[in-house]
Amino acid sequence: MTSSIEAQVLQPYKYGFVTDIESDEVPAGLNEDVIRLISAKKREPAFMLEWRLKAYRHWTTMKEPTWANVKYPPIDYQGIVYYAAPKQQKQLDNLQQVDPKLLETFEKLGIPLAEQKRLAGVAVDAVFDSVSVATTFKETLAQQGVIFCAFSEAVREHPALVERYLGSVVPYNDNYFAALNSAVFSDGSFAYIPKGVRCPLELSTYFRINAAASGQFERTLIVAEEGSYVSYLEGCSAPMRDTNQLHAAVVELVALDDAQIKYSTVQNWYPGDEEGRGGIYNFVTKRGKCAGRNSKISWTQVETGSAITWKYPGCILQGDNSIGEFYSVAVTNNRQQADTGTKMIHLGKNTRSTIVSKGISAGRGQNTYRGQVKILKGATGARNYSQCDSMLIGDKCGAHTFPYIDVRNSTAIMEHEASTSKIGEDQIFYCRQRGLSAEDATSMIVNGFCKEVFRELPMEFAVEAQRLLGISLEGSVG
Amino acid sequence: MTPAGAPMLEIKDLHASVEGKEILRGIDLVVNAGEVHAIMGPNGSGKSTLAQVLAGHPAYTVTGGSVRYEGKDLLELDPEERAREGVFLAFQYPVAIRGITNAYFLRSALNAVRKHRGQAELDPLEFLDLLAEKLKAIDSDDGLMNRPVNDGFSGGEKKRNEILQMAVLEPRLAILDETDSGLDIDALRTVAGAVDKLRRPDNATIVVTHYQRILNYITPDFVHVLSAGRIVLSGGKELALELEARGYDWVRAEAAV
């Protein structure tokens, strides 16, 4: 059965087109001059350049980590282009001045930016290679005092906020890829929700890598003031190319007293072909700090793309009674490798964390859950619930689970559940006997397996996630 | 539909094996619309294999013989095509699907069948109406509908669910694989009673069972005894009672002669 399923034709990656647009690139390679050039191109204040250089100097002393359960040839960091931007005549005042090719690109990706076609209820920041090309609904948001803009714009327009929070959750020297990002990050999104405001729209950033030899190093910072709420979603894709491209992003979230941040990701970078040629190396550092009492940060991720995924969105639960959540679906098909999970660091009293991880491996995919739950001395009454489920499709893939638990307060309550299941011939046959095709059966079984995660996604994106999952698994399953 | 004068199902000299081991060794059976056939026999005689082979389970390999169903070569069809053509297997061990509600599963299945028949697919509300009607027809309630498919169901609930699916999908040929196994006497009465209510002149039922007791509720027109992969004895409903009283050994002894 499995063999007949595996023999089915692979669905091609649907977002693999290249936009033919003139690009302003800095020469490949990395040194202090390149960093100065990037900073100058972005007309950054001095503190920003200083911070970048500090990060760069630290990075040169660091070694690339090797502990992850992934294999790839050495990355030539001097072969990467660290800044690529579509050529623009001058600073944009409005959307009419955006190159139509860019608007068309995002439209093809299902992210219309033009005024009349915008997604209702969702404000989008569109990032193309190293720069943000457009942000929708800025005025609507501004009425509530919500700032949502390109990171580079925030550096210029709101330097005090950026200086205060940048690196406050993920310091420039946090890890190898975060340090690299801190040195060269190009753009990304910035969101600030003022005290007591419930953000009226979903905020969303769509990242698109287009240029061939470039890396993408975006940085996102979201600050939720006391009693505010925001739901944020990121999506991404890249052209099909037979070389690997590095994507090393950093996301920092800060939630103050009684604030809530819900951060959802649908990651669909180009995964490479069946033989493992090409694809994005997705080496990302994401962390949220529940700085205030009763604050809550919730990560939901659906990871279907990338040749290699290395990411552990985590929460530092500093405020008393704060809550951290991590809901994840990670799919590896063909030769994809994923080493992903979370870190929940409990510092405050009565802090709670929930981890629900669903790993699906097909083809020759390797899927690793790696999670750390740390209960520190002062975290009296802390609780964690972890559930790690793996599903195997076929017999050439692998699932691995590495939970690390470190408890230093005897009042902590920890629960950990794990399961591994194989999508069974009998399960598929049962569905087929009721008239469903093998493909529909598999999609139904997989979606059922991921249900607890999908229901955490905002409605519009849950549908997209289910569809993506179907596409990612086509070819390896029936 | 079945061509005029031809039986609904005609099995000729059917041989099948699993993992290289031959289980069915020449089955001949004719089933007409409106009939109920009981297939009985000791453990390991091939009863369940016959049911699985008719439904098209990929683990079984047909090594010889033919099966015609409503004028078509049944063995040429994929399992889902057989299902859409009206062949239904009530599983001995229904499979659980986590995270998918019974109602969603059943509506998807029904719509796959309806699409094949050229009928319009039902939206969730239309489906609920149909479901209410079918539940009433078999004296059941909708308690199982919002639970995940067979997940955490008791043995009785699983079997009841199979019959409910059968009621909704309206097969022309239903094969019940040991539907009575694991049921207490009350559950048996409910489940078998429901099957009996679904009997119609244009459908046929094959009841695969080890015991006679289910046949108290579903009266068979024919009873066949399977032994070592062959039908060794056929008779009317009284044969089932005789088997119940005397066991299977005498049949085997006679068959060996």
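The values are calculated or read from the model by the stated rules, or taken from the named source; none is laboratory data. Owing to the predicted nature of the structure, the values given are computational and were not obtained by experimental measurement. Because the Cβ atoms are built from the backbone with ideal geometry, glycine has one as well, and the counts that use them run over all protein chains shown.
Do any strands (runs of 3 or more DSSP E) lying entirely in region A:157-230 carry at least 1 residues that are buried (at least 19 other Cβ atoms within 10 Å of the Cβ) and at pLDDT 90 or above, and which ones are they? Give the steps one after another, and end with the answer.
Values: elements: A:189-193, A:202-208, A:219-224.
It comes to A:189-193, A:219-224.
Given the criteria among the small types (Gly, Ala, Ser), within 14 Å of another protein chain (Cβ to nearest Cβ) and in contact (Cβ under 8 Å) with a residue 40 or more places away in the chain, does A:ALA399 qualify?
No, not satisfied.
Can you name the residue in region B:37-58 that is of a type outside the set (Gly, Ala, Ser) and part of a strand (DSSP E or B) and, of all such residues, is farthest from the other protein chains (Cβ to nearest Cβ)?
Let us first name the residues in region B:37-58 that are of a type outside the set (Gly, Ala, Ser), namely B:37, B:39-40, B:42-43, B:47, B:49-50, B:52-54, B:57-58.
Those still in the list that are part of a strand (DSSP E or B) too: B:37, B:39-40.
Values: B:HIS37: 19, B:ILE39: 18, B:MET40: 23 Å.
Ranking the candidates gives B:MET40 first.
How about region A:372-458: which strands (runs of 3 or more DSSP E) wholly inside it have at least 2 residues that are within 30 Å of B:LEU77 (Cβ to Cβ)? Please lay out each step first, then the result.
Details: elements: A:383-392, A:398-407, A:413-422.
Strands (runs of 3 or more DSSP E) meeting the threshold: A:383-392, A:413-422.
Specify the residue that is modelled with the highest pLDDT; the eligible residues are those in region A:269-299 that are aromatic (Phe, Trp, Tyr) and closer than 19 Å to A:TYR15 by Cα.
First pass over region A:269-299, keeping only residues aromatic (Phe, Trp, Tyr): A:269-270, A:281, A:283, A:299.
Subsequent filtering for residues that are closer than 19 Å to A:TYR15 by Cα retains A:269-270, A:281.
Details: A:TRP269: 78, A:TYR270: 79, A:TYR281: 87.
Only one residue fits best here, namely A:TYR281.
Rundown of residues vs (1) of a type outside the set (Phe, Trp, Tyr); (2) closer than 19 Å to A:GLY215 by Cα; (3) surrounded by 24 or more Cβ atoms within 10 Å (Cβ to Cβ), yes/no style:
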position	(1), (2), (3)
A:ILE261	yes, no, yes
A:GLN267	yes, yes, yes
A:GLY279	yes, yes, yes
A:THR300	yes, no, yes
A:PRO313	yes, no, yes
A:GLN318	yes, no, no
A:ILE323	yes, no, no
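Considering only helices (runs of 4 or more DSSP H) fully contained in region B:73-171, which possess at least 3 residues that are more than 13 Å from chain A (Cβ to nearest Cβ) and either without any contact (Cβ under 8 Å) to a residue 40 or more places away in the chain or farther than 29 Å from B:VAL62 by Cβ (or both)?
Those helices (runs of 4 or more DSSP H) span B:124-137, B:155-169.
When you go through (1) surrounded by fewer than 21 Cβ atoms within 10 Å (Cβ to Cβ); (2) in a helix (DSSP H, G or I) one by one for B:TYR211, which number turns out not to apply?
Condition (2) is where B:TYR211 drops out.
Taking into account only those residues within region A:114-152 that are small (Gly, Ala, Ser), within 25 Å of A:ALA85 (Cα to Cα) and modelled with pLDDT under 75, which is surrounded by the fewest Cβ atoms within 10 Å (Cβ to Cβ)?
A:ALA114
Filter region B:59-72 down to the residues that are hydrophobic (A, V, I, L, M, F, W, C) and within 14 Å of another protein chain (Cβ to nearest Cβ) and list them by number.
Taking region B:59-72 first, the residues hydrophobic (A, V, I, L, M, F, W, C) are B:59, B:62, B:67.
Across region B:59-72, the qualifying residue is only B:ALA59.
So how many residues does region B:81-104 have that are in contact with a Cys (Cβ under 8 Å, 6 or more places away or on another chain) and not β-branched (Val, Ile, Thr)?
1
Just the residues that are surrounded by fewer than 21 Cβ atoms within 10 Å (Cβ to Cβ) and assigned to a loop (DSSP other than H, G, I, E, B), please, taken from region B:1-25.
Of everything in region B:1-25, those that are surrounded by fewer than 21 Cβ atoms within 10 Å (Cβ to Cβ) and assigned to a loop (DSSP other than H, G, I, E, B) turn out to be B:MET1, B:THR2, B:PRO3, B:ALA4, B:GLY5, B:ALA6, B:PRO7, B:GLU19, B:GLY20.
Considering only residues that are outside any strand (DSSP E or B) and either of a type in the set (Phe, Trp, Tyr) or without any contact (Cβ under 8 Å) to a residue 60 or more places away in the chain (or both), which ones fall in region A:257-271?
Those that are outside any strand (DSSP E or B) and either of a type in the set (Phe, Trp, Tyr) or without any contact (Cβ under 8 Å) to a residue 60 or more places away in the chain (or both): A:ASP258, A:TRP269, A:TYR270.
Taking only region B:58-72 into account, find how many residues are crowded, with 20+ Cβ neighbours inside 10 Å and either out of contact with any Leu (no Cβ under 9 Å at 6 or more places or on another chain) or aliphatic (A, V, I, L, M) (or both).
Number satisfying all stated conditions: 1.
How about region A:428-455: which of its residues are at the interface with another protein chain (Cβ under 7 Å from one of its Cβ atoms), within 19 Å of A:LEU392 (Cβ to Cβ) and at pLDDT 90 or above?
A:PHE429, A:TYR430 - these are the residues of region A:428-455 that are at the interface with another protein chain (Cβ under 7 Å from one of its Cβ atoms), within 19 Å of A:LEU392 (Cβ to Cβ) and at pLDDT 90 or above.
Do we find that B:ALA38 is surrounded by 21 or more Cβ atoms within 10 Å (Cβ to Cβ), aliphatic (A, V, I, L, M) and in contact with a Ser or Thr (Cβ under 8 Å, 6 or more places away or on another chain) in this structure? It would help to see each step written out before you state the result.
Details: surrounded by 21 or more Cβ atoms within 10 Å (Cβ to Cβ): yes; aliphatic (A, V, I, L, M): yes; in contact with a Ser or Thr (Cβ under 8 Å, 6 or more places away or on another chain): yes.
When the stated conditions are applied, B:ALA38 passes them.
Residues checked against (1) modelled with pLDDT under 90; (2) out of contact with any strand residue (DSSP E or B) (no Cβ under 7 Å at 6 or more places or on another chain); (3) within 14 Å of another protein chain (Cβ to nearest Cβ):
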| site | (1), (2), (3) |
| --- | --- |
| A:ILE323 | no, no, no |
| A:ILE355 | no, no, no |
| A:ARG364 | yes, yes, no |
| A:ILE375 | no, no, no |
| A:ALA379 | no, no, no |
| A:ARG383 | no, no, no |
| A:ASP389 | no, no, yes |
| A:ALA418 | yes, no, no |
| A:SER421 | yes, no, yes |
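Pick out the one residue from A:THR368, A:THR354 that is within 24 Å of A:ALA68 (Cα to Cα), touching a residue at least 60 places away in the same chain (Cβ under 8 Å), of a type in the set (S, T, N, Q) and part of a strand (DSSP E or B). Don't jump to the end; show me each part of the working.
Numbers: A:THR354 fails: touching a residue at least 60 places away in the same chain (Cβ under 8 Å).
The unique qualifying residue is A:THR368.
Go through region B:183-208 residue by residue and tally those that are among the acidic types (Asp, Glu) and not in a loop (DSSP other than H, G, I, E, B). Show your work before the answer.
Just the residues of region B:183-208 that are among the acidic types (Asp, Glu), to begin with: B:184, B:186, B:196, B:202.
Checking the rest, the ones that are also not in a loop (DSSP other than H, G, I, E, B) come to B:186, B:196.
Adding up the residues that qualify gives 2.
Just the residues that are touching a residue at least 24 places away in the same chain (Cβ under 8 Å), assigned to a strand (DSSP E or B) and under 17 Å from B:ARG68 (Cα atoms), please, taken from region B:26-36.
Listed by number, the residues that qualify are B:GLY26, B:ILE27, B:ASP28, B:LEU29, B:VAL31.
Scan region A:22-45 for residues that are surrounded by 18 or more Cβ atoms within 10 Å (Cβ to Cβ) and among the basic types (Lys, Arg) and report the count.
The number of residues fulfilling the criteria is 1.
Could you pull out the residue among B:ALA96, B:ALA132, B:ALA112, B:ALA103 that is modelled with pLDDT of 90 or more, touching an Asp or Glu at 6+ places or on another chain (Cβ under 9 Å) and surrounded by fewer than 14 Cβ atoms within 10 Å (Cβ to Cβ)? Spell out the reasoning first.
Working: B:ALA96 fails: surrounded by fewer than 14 Cβ atoms within 10 Å (Cβ to Cβ); B:ALA112 fails: surrounded by fewer than 14 Cβ atoms within 10 Å (Cβ to Cβ); B:ALA103 fails: surrounded by fewer than 14 Cβ atoms within 10 Å (Cβ to Cβ).
Matching residue, one of B:ALA96, B:ALA132, B:ALA112, B:ALA103: B:ALA132.
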